[in-house]
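Since the structure comes first, as structure tokens, the remarks are kept for the end.
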């Protein structure tokens, strides 16, 4: 589409909007068909597997919301500082998150997510 922003940051923003809407189909659509997603020990490859992972996450009783604090874009990569708010009926907790995204043609090709879980108690 003419005039469409296909930058890595636009791809990240579309991903965050779909994530926060808890829409697994829309989240999957932000990824390239061969995309990879890494968070901790978890590795997910391909749009269909990513859709299934996010559908499972959205079905859980914990609601997650991601907010972009800062982003640095260089070429096809966006390095992002995020805050993830996890909410349950009993309250909420915030986590600092660093995420590194690569994009091609307006879709995410790679996402690596690191969560600061704080000090063990």
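The values are calculated or read from the model by the stated rules, or taken from the named source; none is laboratory data. As the structure is a prediction and not an experimental result, all values here were calculated from the model. A quick note on method: Cβ atoms are made from the backbone with ideal geometry, for glycine too, and the neighbour counts reach across all protein chains shown.
Output the number of residues of segment 88-103 satisfying the condition of being at pLDDT 95 or above and over 12 Å from the mean Cα position of the chain (by Cα).
Summing the residues that are at pLDDT 95 or above and over 12 Å from the mean Cα position of the chain (by Cα) in segment 88-103 gives 2.
Would a scan of segment 4-25 turn up a residue that is assigned to a strand (DSSP E or B), surrounded by 15 or more Cβ atoms within 10 Å (Cβ to Cβ) and touching a residue at least 60 places away in the same chain (Cβ under 8 Å)?
No: zero hits.
Need the failing condition index for residue 32 against (1) more than 11 Å from the chain's Cα centre (by Cα); (2) in contact (Cβ under 8 Å) with a residue 12 or more places away in the chain; (3) closer than 26 Å to residue 117 by Cβ; (4) surrounded by 18 or more Cβ atoms within 10 Å (Cβ to Cβ), just the number.
All conditions are met except number (3).
Yes or no, residue by residue, for (1) in contact with a strand residue (DSSP E or B) (Cβ under 7 Å, 6 or more places away or on another chain); (2) surrounded by 13 or more Cβ atoms within 10 Å (Cβ to Cβ):
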{"position": "54", "(1), (2)": "no, yes"}
{"position": "59", "(1), (2)": "no, no"}
{"position": "66", "(1), (2)": "yes, yes"}
{"position": "76", "(1), (2)": "yes, yes"}
{"position": "100", "(1), (2)": "yes, yes"}
